[in-house]
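Participant: This is the structure, below, for whatever I ask next.
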Amino acid sequence: MGTAVDLLRVAASQLGYNRWNDPAEGTKYGRDYGARHGAYFGASGVPYCDMFVTWCLRQVGVTNFDSAYVPGRINTARANGWLVSWANARPGDLVCFDWDGDGEADHIGIAEYFYDWSVQTIEGNTSSGAAGSQSNGGGVYRRVRSRSDVAAIIRPPLSGAGKPPISVRLLAVDGEIGPATNAAWQVCNGQKPDGIVSSQYRPNRQYLPACDFVGSGWQWEGEDAQGSLLIEHVQKYLSKCGHKVEADGIAGPAFVRALQRYYKVPVDGYLGATTAKALQRAINNQLFKRSA
């Protein structure tokens, strides 16, 4: 039996799948489900968000929790004592959404990170953004959803817990923005410290050399990149301080220039060692004040 980390790794491997680009009938998740439960599920036009979850669970050894209907999955979870509260939720849990507030869940995803009032998920059969259907959009995407839309949270029968928060302490001012700096930056911005800067636009890596190394915790994606809550929060703060920048959660040259003006370092639009060290010193100052 796999762990929550294994489940998230499997789900992330499917990012970018889209039923519209699948040359066969239906979806890969529907065809897999249909092989066990009937050909109907493998046909074109059958919503697949819950079958995506089933496929991911089966890849990590959970073979006793098949479902193609989210309310039915919730009922099964309730009968087995697998429902958990928001306060006890953790990465790898299954998050069910009720878009219209009618008391019946419409959609499901796999939680990557929980914040105070939102959750980042990997979902099947959704759209890449607010435009398009949220529960029948055809693609596998990473999304951030409001807590107010959550109908239920399910702890699937896995063998281990999700990744625990990173311990935060004063940083080495080394000019490299990796998991420790990311986590401390998150704490300073009122977020849970997981050390991950999610869903960043891959072509912008050239402007972020201090963040572009193996194990940095920065997640690089293509055109479907949706941004990070951390970066969005910092962008809003910079704009409030007079350094205007779009609050889209994507770190690019405009964001870097605003950050450089704020920290009073040379402005060139490249987040290199000088800017990174200024950020790390500022974070350490905040952490020191918190501990005083």
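The values are calculated or read from the model by the stated rules, or taken from the named source; none is laboratory data. All values derive from a computational prediction rather than experimental measurement. Using ideal geometry, Cβ is built from the backbone for each residue, glycine included, and neighbour counts are taken over all protein chains shown. To get the accessible areas, we keep the full protein, side chains included, count just its heavy atoms, and leave off ligands, DNA and RNA. Shrake-Rupley method; radii C 1.70, N 1.55, O 1.52, S 1.80 Å.
Participant: Only one of these conditions is not met by V144: (1) out of contact with any strand residue (DSSP E or B) (no Cβ under 6 Å at 6 or more places or on another chain); (2) surrounded by fewer than 20 Cβ atoms within 10 Å (Cβ to Cβ); (3) not in a loop (DSSP other than H, G, I, E, B). Which number is it?
Facilitator: So the condition that V144 fails would be (1).
Participant: So which residues in region 118-134 are within 16 Å of L15 (Cα to Cα) and open to solvent by less than 30 Å² (accessible area, probe 1.4 Å)?
Facilitator: Here is the first cut: in region 118-134, the residues within 16 Å of L15 (Cα to Cα) are 120-129, 134.
Q120, T121, I122, E123, G124, N125, T126, S127, G129 - these are the residues of region 118-134 that are within 16 Å of L15 (Cα to Cα) and open to solvent by less than 30 Å² (accessible area, probe 1.4 Å).
Participant: Restricting to region 213-228, name every residue that is surrounded by fewer than 20 Cβ atoms within 10 Å (Cβ to Cβ) and either part of a helix (DSSP H, G or I) or of a type in the set (G, A, S) (or both).
Facilitator: Matches in region 213-228: G215, G217, G222.
Participant: Tell me, yes or no, whether region 268-277 has at least one residue that is buried (at least 19 other Cβ atoms within 10 Å of the Cβ) and either touching a Ser or Thr at 6+ places or on another chain (Cβ under 6 Å) or free of Cβ contacts under 8 Å to residues at least 24 places away in the same chain (or both).
Facilitator: Scanning region 268-277 turns up no residue that is buried (at least 19 other Cβ atoms within 10 Å of the Cβ) and either touching a Ser or Thr at 6+ places or on another chain (Cβ under 6 Å) or free of Cβ contacts under 8 Å to residues at least 24 places away in the same chain (or both).
Participant: Continuing with this model, one more query. If the requirement is being surrounded by fewer than 21 Cβ atoms within 10 Å (Cβ to Cβ) and under 16 Å from G124 (Cβ atoms), which of these qualifies: N18, N80, N88, N75? Full working, then the answer.
Facilitator: On the way: N80 fails: under 16 Å from G124 (Cβ atoms); N88 fails: under 16 Å from G124 (Cβ atoms); N75 fails: under 16 Å from G124 (Cβ atoms).
Among N18, N80, N88, N75, only N18 is surrounded by fewer than 21 Cβ atoms within 10 Å (Cβ to Cβ) and under 16 Å from G124 (Cβ atoms).
Participant: Oh, and also: Determine whether R261 is buried (at least 18 other Cβ atoms within 10 Å of the Cβ), modelled with pLDDT of 95 or more, farther than 21 Å from P179 by Cα and not hydrophobic (A, V, I, L, M, F, W, C).
Facilitator: It is false that R261 is buried (at least 18 other Cβ atoms within 10 Å of the Cβ), modelled with pLDDT of 95 or more, farther than 21 Å from P179 by Cα and not hydrophobic (A, V, I, L, M, F, W, C).
Participant: Please verify whether region 256-269 includes one or more residues that are within 25 Å of the chain's Cα centre (by Cα), among the β-branched types (V, I, T), in a helix (DSSP H, G or I) and farther than 21 Å from G129 by Cβ.
Facilitator: The answer is yes, given that some residue of region 256-269 is within 25 Å of the chain's Cα centre (by Cα), among the β-branched types (V, I, T), in a helix (DSSP H, G or I) and farther than 21 Å from G129 by Cβ.
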